[in-house]
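Novice: First the structure, which I've put down as structure tokens, then a few questions once you've had a look.
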Amino acid sequence: MARLKLGVLISGRGSNLQALIDAAADPAFPAEIALVLSNKADALGLERARKAGIATAIVSHRGFADKPTFEQAMTEALETAGVELVCLAGFMRLLSPWFVEHWHDRLINIHPSLLPAFPGLDTHRRALETGVRFHGCTVHYVRAAMDNGPIIGQAAVPILPGDTEDALADRVLTQEHRLYPLAVKLIAEGRVRVVDERAEITGQPTAPEPVLNPPG
Ligand code: GAR
């Protein structure tokens, strides 16, 4: 069966891109990366894509007079590559309602918090300051409001006594690398449907166990 064609949008390090590259290296994975697009020429993720033999494009926001022409150029590059699902992976530009609508239910994002808690930046510091006992990451369909949209999946990470921002960020990132390929797989298998602005998932094999923190 044809694999779902992904376009991955990055601005930097690209460790989530790497997780998708690694997942798609398995021919049984139901999606493949057709294009990696960066708005920054020096994004480390571009090197990861090149190493894996994946097509890359640089569409710099600085090269265009305004946001609409920048986003049209990105869309053209993605459509020329035959992209069916756009995955934001550390893409640090806010997208306009036009772009979000154009790719409606074909555009997903990974965010380092358990949304709707902590949208925006500095999520790990804010989680520690707030004193929540669980933090984590979310993959969701993108809507016009920032870090908003039907949630496909989340990974919860317990906050530990004495945690630092860096230690917590590392533990969340490890889960991001599991969650993003899983969310893509579910979509590619046709198991995710948006109904009344909630993502419904069919065919889940088992229900996860509840977890307490503190544990005892
Ligand atoms: C990831 O932690 C991702 O969740 C976050 O940026 C990082 C990118 O890392 N995204 C956002 O904050 C978007 N709101 P990566 O380039 O190594 O994948």
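The values are calculated or read from the model by the stated rules, or taken from the named source; none is laboratory data. Model, not experiment: these values are computed from the prediction. Using ideal geometry, Cβ is built from the backbone for each residue, glycine included, and neighbour counts are taken over all protein chains shown.
Novice: Can you give me the number of residues within the range 85-121 that are under 15 Å from the mean Cα position of the chain (by Cα) and small (Gly, Ala, Ser)?
Specialist: Final tally of qualifying residues: 4.
Novice: Can you tell me which residue within the range 179-207, out of those that are of a type in the set (Val, Ile, Thr) and in contact with a Leu (Cβ under 8 Å, 6 or more places away or on another chain), is surrounded by the fewest Cβ atoms within 10 Å (Cβ to Cβ)? Outline the logic, then answer.
Specialist: First, the residues of the range 179-207 that are of a type in the set (Val, Ile, Thr): 184, 187, 192, 194-195, 201-202, 206.
Filter once more, keeping what is in contact with a Leu (Cβ under 8 Å, 6 or more places away or on another chain): 184, 187, 192, 201.
Details: 184: 27, 187: 26, 192: 21, 201: 14.
It comes out as 201.
Novice: Separate question: Scanning the range 71-128 for residues that are small (Gly, Ala, Ser) and closer than 18 Å to residue 149 by Cβ, which turns out farthest from the ligand (Cβ to nearest atom)?
Specialist: Step one: filter the range 71-128 for residues small (Gly, Ala, Ser), giving 73, 77, 81-82, 89-90, 96, 113, 117, 120, 127.
Narrowing further to those that are closer than 18 Å to residue 149 by Cβ: 89-90, 96, 113, 117, 120.
Numbers: 89: 5, 90: 3, 96: 16, 113: 8, 117: 13, 120: 7 Å.
If we take residues in the range 71-128 being small (Gly, Ala, Ser) and closer than 18 Å to residue 149 by Cβ, then 96 is farthest from the ligand (Cβ to nearest atom).
Table: residues versus (1) of a type outside the set (Ser, Thr, Tyr); (2) in contact with a His (Cβ under 9 Å, 6 or more places away or on another chain); (3) part of a loop (DSSP other than H, G, I, E, B).
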position	(1), (2), (3)
71	yes, yes, no
77	yes, no, no
92	yes, no, yes
113	no, yes, yes
129	yes, no, no
135	yes, yes, no
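Novice: Which of the residues spanning the range 181-204 are more than 19 Å from the chain's Cα centre (by Cα) and touching a residue at least 12 places away in the same chain (Cβ under 8 Å)? It would help to see each step written out before you state the result.
Specialist: Within the range 181-204, the first condition is being more than 19 Å from the chain's Cα centre (by Cα), and the residues that meet it are 195-196, 202-204.
Once the filter is applied, which keeps residues that are more than 19 Å from the chain's Cα centre (by Cα) and touching a residue at least 12 places away in the same chain (Cβ under 8 Å), the range 181-204 yields only 203.
Residue-wise test of (1) assigned to a helix (DSSP H, G or I); (2) more than 16 Å from residue 22 (Cα to Cα); (3) within 16 Å of the ligand (Cβ to nearest atom); (4) more than 18 Å from the chain's Cα centre (by Cα).
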residue	(1), (2), (3), (4)
166	yes, yes, yes, yes
171	yes, yes, yes, no
179	yes, no, yes, no
210	no, yes, no, yes
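To keep it simple, each residue is scored yes or no on (1) touching a helix residue (DSSP H, G or I) at 6+ places or on another chain (Cβ under 6 Å); (2) under 18 Å from residue 91 (Cα atoms); (3) modelled with pLDDT under 95.
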position	(1), (2), (3)
109	no, yes, no
123	no, yes, no
137	yes, yes, no
184	no, yes, no
202	no, no, no
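Novice: Any idea which of (1) farther than 23 Å from residue 192 by Cβ; (2) surrounded by 14 or more Cβ atoms within 10 Å (Cβ to Cβ) is the one residue 84 doesn't satisfy?
Specialist: The single condition residue 84 does not satisfy is (1).
Novice: Further question on the same structure: Of the conditions (1) surrounded by fewer than 16 Cβ atoms within 10 Å (Cβ to Cβ); (2) not in a loop (DSSP other than H, G, I, E, B), residue 65 fails just one. Which one is it?
Specialist: Failed condition: (2).
Novice: Only one residue in 46, 9 is touching a Phe, Trp or Tyr at 6+ places or on another chain (Cβ under 6 Å) and among the aliphatic types (A, V, I, L, M). Which one? Please lay out each step first, then the result.
Specialist: Details: 46 fails: touching a Phe, Trp or Tyr at 6+ places or on another chain (Cβ under 6 Å).
After applying the criteria, what remains is 9.
Novice: If you scan the range 1-20, which residues turn out to be more than 11 Å from the ligand (Cβ to nearest atom) and either surrounded by 22 or more Cβ atoms within 10 Å (Cβ to Cβ) or assigned to a strand (DSSP E or B) (or both)? Working first, answer last.
Specialist: Keep residues of the range 1-20 that are more than 11 Å from the ligand (Cβ to nearest atom), which gives 1-7.
Within the range 1-20, 4, 5, 6, 7 meet the criteria.
Novice: A further question on this structure: When you look at residue 66, is it without any contact (Cβ under 8 Å) to a residue 24 or more places away in the chain and within 15 Å of the ligand (Cβ to nearest atom), yes or no?
Specialist: Details: without any contact (Cβ under 8 Å) to a residue 24 or more places away in the chain: yes; within 15 Å of the ligand (Cβ to nearest atom): no.
Here the answer is no, as residue 66 does not meet what is asked.
Novice: I've got another one for you. Can you report the number of residues in the range 21-62 which are more than 15 Å from residue 85 (Cβ to Cβ), part of a strand (DSSP E or B) and more than 15 Å from the ligand (Cβ to nearest atom)?
Specialist: Qualifying residue count for the region: 2.
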